[in-house]
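The structure appears below as structure tokens.
No value in this document is a laboratory result; all are computed from the given coordinates. Keep in mind the model is a prediction, meaning the values are calculated, not measured. Backbone-built Cβ (ideal geometry, glycine too); neighbour counts: all protein chains shown.
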Amino acid sequence: MSVAFYVGEAIKLGTSAGPPIGGSFDLAVDIGCLHAIQSGDRVAYGSMLRRVLQVGGYYLLYAWGPRKLLGRAVGLAPHETESLLAGDFERRWIRAGEEQGSSSYWYLFKRR
């Protein structure tokens, strides 16, 4: 097994403007990125996942539920997360939780 970590703008992975990744992956893990991305850039994030995650691959996500942080709306409701990935990802499970009194969720998706 080989593991690779990339630093850069997540929505640019797999493009000429992002770090060279050399192919697709069978696992992508996001712990805290998607829920901080502005709503206008979330479609680009979904497109990035479709570019870099191979069919049959898994996407493990930890994301905050909707909340305010420093006066800015962050987080996603489960239906927003599923809508973003609709068609190309199958939700395998979701686990609801909380972090400091606010909702949070773990998700596992499989790329179709």
**Message:** Can you tell me what share of the DSSP beta bridges in the chain is antiparallel? A percent to the nearest 5 is fine.
**Reply:** 75
**Item:** Sequence of 6, 105 once ranked by neighbouring C-beta atoms within 10 Å, starting from the fewest
**Value:** 6, 105
**Asked** Under the Karplus relation 6.51 cos²θ - 1.76 cosθ + 1.60, θ = phi - 60°, what is the ordered set of whole-Hz ³J(HN,Hα) values for region 102-107, x standing for Gly and Pro?
**Response** 10, 5, 8, 9, 9, 10
**Request:** Quick one: P(r) of region 1-47 from all Cα-Cα pairs, 10 Å bins, percents rounded to integers, in order of increasing distance.
**Result:** 21, 59, 19, 1
**Asked** Which order do peptides 40-46, 58-64 fall in by mean Cβ count within 10 Å, highest first?
**Response** 58-64, 40-46
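For region 23-111, what D do you get in µm² per second when you plug the Kirkwood radius from alpha-carbon pairs into Stokes-Einstein at 25 °C and 0.890 mPa s?
My calculation gives 185 µm²/s for D.
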**Asked** Quick one: putting +1 on the C-beta of Lys and Arg, -1 on the C-beta of Asp and Glu, what dipole do you get for the chain around its Cα centre, in Debye to the nearest 20?
**Response** 120
**Asked** Amide H neighbours of residue 21 under 5 Å, counting only residues 5+ apart in sequence or on other chains, H built in-plane at 1.01 Å?
**Response** 14
**Message:** Quick check: the angle from helix 42-52's long axis to the longest principal axis of the chain, C-alpha only, nearest 10 degrees?
**Reply:** 30
**Message:** Could you tell me how far the Cα centroid of region 35-112 sits from the Cα centroid of region 2-18, in Å?
**Reply:** 18
